Ligand code: ADP
């Protein structure tokens, strides 16, 4: 830590000072202060500890502050004992203090973050703030709500969990409570659905003041730019099958080149001519204006004739699917469908799709039925979603290494909370080999040796294909092992429960979010002493990950709650991470006979490579956010407009003013005022939403195609800004113009506006999914990455 002190001072924050402060607060709380207090006394002590302000009519309003933190913690400690039978450790209370101060806390797996977070939620709620505890899935939301609920009940705070099985009415009810547990995607989908209501009373969410985000690094960094999408049943154009066939017939090195790091594929001039010749096009490289007509807008109906720009996008997407996305690394094929693999969690990402064209291109590549994408009605990234909360804090096992991103994108600081019992894990220096083959041989030899000693081994691999290869090699070497990857995560709980038995070998992909702990000696801990005697769990990493955080997530599986344990990584200079991070640098060192390179210089080089890949991810994040920020800002303007339309009679005012005759006629027919206002409102909102959806499709198009065109004058982001701002400027105007036409043409009576007759039907069904915008993340790159590269 010492090495970072200057840095924290420079940042105006000192972890040491914060730690001292929170230790003092916890010490001030004491362990026994309210031991003998009556329940009512406890409640009063908790309420009194937060700032309150009398307001005129005698009601008490909490104005959001903590008057007496030690008292609050002392009360919460005793309440936790009585209500949920957990006696909070001092370190858990320290975590609560830092959460209440608005930090992201780092607490190791198994240290009891759930309780720390729940006590912080109670602290916020007592101040009169509505709290969302954001989990990674609905299972955890329900589990934690049931588990921690009695503590909130004790304080008279209402609470509940949002999950898939609730009706809109039930959701609305849960959102009105004080403390709400919910998975990030469930909450996000509700935001999207609320963006499309046509009556205020249909809104499901109530505004929240604070978000406490669990697994904060996964959610706010790894998944930050995953858009959640609400789509309607109107199908979009599927990619042309002849493009898939054409791309398959192209030759690497002649028609296209693949960058050495396998992140990007580029069409050569010959390749472009090849496509133009076969598809009978003049030029693949049109400008955006040419592609979309004079307004710069894409034609909503798609149509048969595809503009050159779209062909270029499709060719590029097909090349990506064919040459950069690998089966069993980026996706698996299961039951005739392409299932994406979540690169940080190493499991199938059930709700995710790639951006429509890419999903279809991969399906075509695998010879599967191509699924059609719907019309995207609205979307929001997780980063934008998090940005909607006035106050945010979070918790995770590995926050420190995500500190840069958390500060840059969320203005959040990390507080490290020491473990309750000091760690006994020994992290050995990497074993670096010259080639991958030598590394793998050494890994197998090592595991054979460790297993023979009776120690359990957890082997961490980079992807599904590698986990299977290592498992095969182990079997060949006579070692029985269990495999944990995206193909079999149903077996996950059982495999993890047994992974700590003596001599057990478990080969796994990334460990993030794999809920349960590995208990030494098996789920029942019956052989615990045996394993303790052999040094606890041994973690063996095959290749360092692209970020230290992922390395730490793996290491952190050993030595939990003060258990003994150890970890070591086997690395080769041929690893993706080293090749990408070390590109352009030179390393001179002589390997030993078996390929091992134990030189200090080599170890430093590997660390250097990882810092480079981390830096690249940060750049990609920053660049991608520049695109998304603009869309987020534009959406905020639309939301404000929707708010006015929903809550006032602005729509009727405008439309009746522009067709006075029609308005008079309707009033003359005796149609009630509220019906007229609602009819006008629906007409306005219909066109506004329709134009927004068109706008999103247009932005998607320009974003896909912009970096493929040679732009000498401007950077792609600037170009994107220019085009999107121009298009957005016309959006509101066009929506109002269309609404006025509709008002004049539509039949409006006591039953409201009948828009179906005009072909203005809302999609009959909507569905939600998440877009994996980062399909190459697993191998150290992404489609987005290739865009980022071109900025340089
Ligand atoms: P994390 O999310 O930090 O990995 P959990 O919140 O799931 O950890 O808690 C891990 C385990 O520790 C749970 O089984 C929980 O019951 C237990 N635990 C948490 N706090 C305490 C405590 N104060 N005393 C005893 N057990 C605790």
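The values are calculated or read from the model by the stated rules, or taken from the named source; none is laboratory data. Being a predicted model, the structure only gives us computed values, none of them experimental. Every residue, glycine as well, gets a Cβ built from its backbone with ideal geometry; the counts of neighbours run over all protein chains shown.
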Review point. Does the range 716-725 contain any residue that is over 25 Å from residue 189 (Cβ atoms), at pLDDT 90 or above and either crowded, with 21+ Cβ neighbours inside 10 Å or not assigned by TED's automatic domain parsing to the domain that holds residue 183 (or both)?
Key: yes
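Right, residue 491: at pLDDT below 90 and touching a helix residue (DSSP H, G or I) at 6+ places or on another chain (Cβ under 6 Å) or not?
No.
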Review point. Only one of these conditions is not met by residue 671: (1) touching a strand residue (DSSP E or B) at 6+ places or on another chain (Cβ under 8 Å); (2) modelled with pLDDT of 90 or more; (3) not in a loop (DSSP other than H, G, I, E, B). Which number is it?
Key: (3)
Review point. In the range 553-571, how many are within 19 Å of residue 418 (Cα to Cα) and away from the ligand (no atom under 16 Å from the Cβ)?
Key: 2
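Results for (1) modelled with pLDDT of 95 or more; (2) part of a helix (DSSP H, G or I); (3) more than 16 Å from the ligand (Cβ to nearest atom), shown as yes or no for each residue.
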residue: 132; (1), (2), (3): yes, no, yes
residue: 140; (1), (2), (3): no, yes, no
residue: 150; (1), (2), (3): yes, yes, no
residue: 153; (1), (2), (3): yes, yes, yes
residue: 164; (1), (2), (3): no, no, yes
residue: 185; (1), (2), (3): no, yes, yes
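Test residue 606 against the stated conditions and say whether it is closer than 30 Å to residue 442 by Cα, in contact (Cβ under 8 Å) with a residue 24 or more places away in the chain, in contact with a strand residue (DSSP E or B) (Cβ under 9 Å, 6 or more places away or on another chain) and in a helix (DSSP H, G or I).
yes
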Practice item. Pairs only if they're at least six apart or on different chains, beta carbon under 6 angstrom, first in the range 485-500 and buried (at least 16 other Cβ atoms within 10 Å of the Cβ), second modelled with pLDDT under 80; list them, first residue then second. Key: 486/341; 486/347; 486/348; 489/347; 496/516
Check your understanding: Does at least one position in the range 13-26 carry a residue that is modelled with pLDDT of 90 or more, closer than 22 Å to residue 117 by Cβ and within 16 Å of the ligand (Cβ to nearest atom)?
Key -> yes
**Study point:** Selection within the range 89-108 - near the ligand (Cβ under 10 Å from one of its atoms), buried (at least 23 other Cβ atoms within 10 Å of the Cβ) and part of a helix (DSSP H, G or I)
**Key:** 92, 93, 95
Review point. Any chance the range 515-525 includes a residue that's surrounded by fewer than 23 Cβ atoms within 10 Å (Cβ to Cβ) and closer than 22 Å to residue 339 by Cα?
Key: yes
Practice item. Tell me, please, whether a residue that is touching a strand residue (DSSP E or B) at 6+ places or on another chain (Cβ under 6 Å), within 16 Å of the ligand (Cβ to nearest atom), closer than 23 Å to residue 218 by Cβ and in contact (Cβ under 8 Å) with a residue 60 or more places away in the chain can be found in the range 541-549. Key: no
Practice item. Output the number of residues of the range 110-130 satisfying the condition of being within 13 Å of the ligand (Cβ to nearest atom) and out of contact with any helix residue (DSSP H, G or I) (no Cβ under 6 Å at 6 or more places or on another chain). Key: 3
Exercise for review: Would you be able to say whether some residue in the range 581-598 is buried (at least 20 other Cβ atoms within 10 Å of the Cβ) and closer than 29 Å to residue 411 by Cβ?
Suggested key: yes
Revision key, fill the gap. Residue pairs qualifying under the 6 Å Cβ cut-off, at least six apart or on distinct chains, with the first in the range 516-533 being at positive phi and the second being away from the ligand (no atom under 16 Å from the Cβ), are 521/527; 521/531; 522/498; 522/501
Practice item. Determine, yes or no, whether residue 510 is closer than 22 Å to residue 328 by Cβ, within 16 Å of the ligand (Cβ to nearest atom) and crowded, with 22+ Cβ neighbours inside 10 Å. Key: no
Review point. Which one of 73, 86, 115 is farther than 15 Å from residue 181 by Cα, crowded, with 19+ Cβ neighbours inside 10 Å, in the same structural domain as residue 221 (by TED's automatic domain parsing) and free of Cβ contacts under 8 Å to residues at least 60 places away in the same chain?
Key: 73
Check your understanding: So, in the range 266-281, of the ones that are under 16 Å from residue 319 (Cα atoms) and not in a helix (DSSP H, G or I), which residue ends up nearest to the chain's Cα centre (by Cα)?
Key -> 266
